[in-house]
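Q: Dumping the structure here so I can ask a few things about it.
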Amino acid sequence: MVVELSDKPAAWRRWLGIVLRASHLAAVVALGAALLGAPLARLPAAAIVLASGIALLAIETLDARMRFSELAGFVSLLKLAAVAWLALDADGSLPAFWIVVFVSALVSHAPRHVRHWRPRRTSS
């Protein structure tokens, strides 16, 4: 069975992405608050950040809006790894959290040619 993807995802997939992104942002805020000492559990917040991040990555990959060979895809994988590390290791997690937030904002708002940059392959 061949699945053909159009330029725009179906309306329900777009809304799923919007709901996932809103959940992801709320969980990032909760994780940051927990790391700053709010009475929230760090591990559940990090788990929601990871789960929603993986779901977003899957949707964007299926819709061909993200590729792991491009800067945005590679950075997304690094961010998920960093959040997993934040969930497991409390030492030094606050600076790492702010680095992840900064890199996320930088890459997601960068011009298209930067987000979709691919390293050149050299032929030997």
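Q: Against the longest principal axis of the chain, how steep is helix 42-62, in degrees 0 to 90 to the nearest 10, with axes from Cα atoms?
A: The two axes meet at around 0 degrees.
Q: Comparing 105, 45, 72, which has the greatest mean-square fluctuation in the GNM of the chain with Cα pairs linked when under 10 Å apart?
A: Comparing 105, 45, 72 in the GNM, the peak value goes to 105.
Q: For the chain, which whole-number percentage of the solvent-accessible area (1.4 Å probe, protein heavy atoms only) is attributable to carbon and sulfur atoms? Write out the running numbers ahead of the final one.
A: Numbers: 5920 of 8640 Å².
Carbon plus sulfur share of accessible area: 69 percent.
Q: Right, another one. Please work out how much length the chain gains when fully extended from residue 67 to residue 88, using 0.36 nm per residue of separation minus the C-alpha to C-alpha distance, in nm with one decimal.
A: 4.8 nm
Q: Which value in nm describes the separation of the simple spin-label points at residue 81 and residue 109, placed 7 Å from the Cα toward the beta carbon?
A: Each label point lies 7 Å from its Cα, and together they span 2.6 nm.
Q: Given a 10 angstrom Cα cut-off, can you work out which residue in 27, 55, 41 is the most mobile in a GNM of the chain?
A: Its mean-square fluctuation being the largest, the pick is 41.
Q: Follow-up question, since we're still on this one. How big is the dipole moment of the stretch 1-104 about its Cα centre under a simple scheme where the beta carbon of each Lys and Arg is +1, that of each Asp and Glu is -1, and everything else is neutral? Debye, nearest 20, please.
A: It comes to approximately 220 debye.
Q: So what's the net charge close to residue 17: Lys and Arg +1, Asp and Glu -1, counting the other residues with Cβ under 10 Å from its Cβ?
A: +2
Q: Return the calculated 222 nm mean residue ellipticity for the chain, to the nearest 500 deg cm²/dmol, obtained by summing -39500 (n - 2.57) across DSSP H runs with n ≥ 4 and dividing by the residue count.
A: That comes out to -22500 deg cm²/dmol.
Q: Report ³J(HN,Hα) in whole Hz for each residue of the stretch 21-32, in order, from the Karplus equation J = 6.51 cos²θ - 1.76 cosθ + 1.60 where θ = phi - 60°; Gly and Pro get x.
A: After applying 6.51 cos²θ - 1.76 cosθ + 1.60, I find 5, 5, 4, 4, 5, 4, 5, 4, 4, 4, 4, x Hz.
Q: Turning to a different aspect of this structure: Among 21, 65, 112, whose mean-square fluctuation peaks in a Gaussian network model of the chain (Cα, cutoff 10 Å)?
A: It is 112.
The values are calculated or read from the model by the stated rules, or taken from the named source; none is laboratory data. Just so we're clear, the structure is a prediction, and the values are computed from it rather than from any experiment. As a convention, Cβ positions derive from the backbone with ideal geometry for all residues, glycine included, and neighbour counts pool all protein chains shown. Side chains included, ligands, DNA and RNA excluded: accessible areas come from the protein's heavy atoms. Shrake-Rupley method; radii C 1.70, N 1.55, O 1.52, S 1.80 Å.
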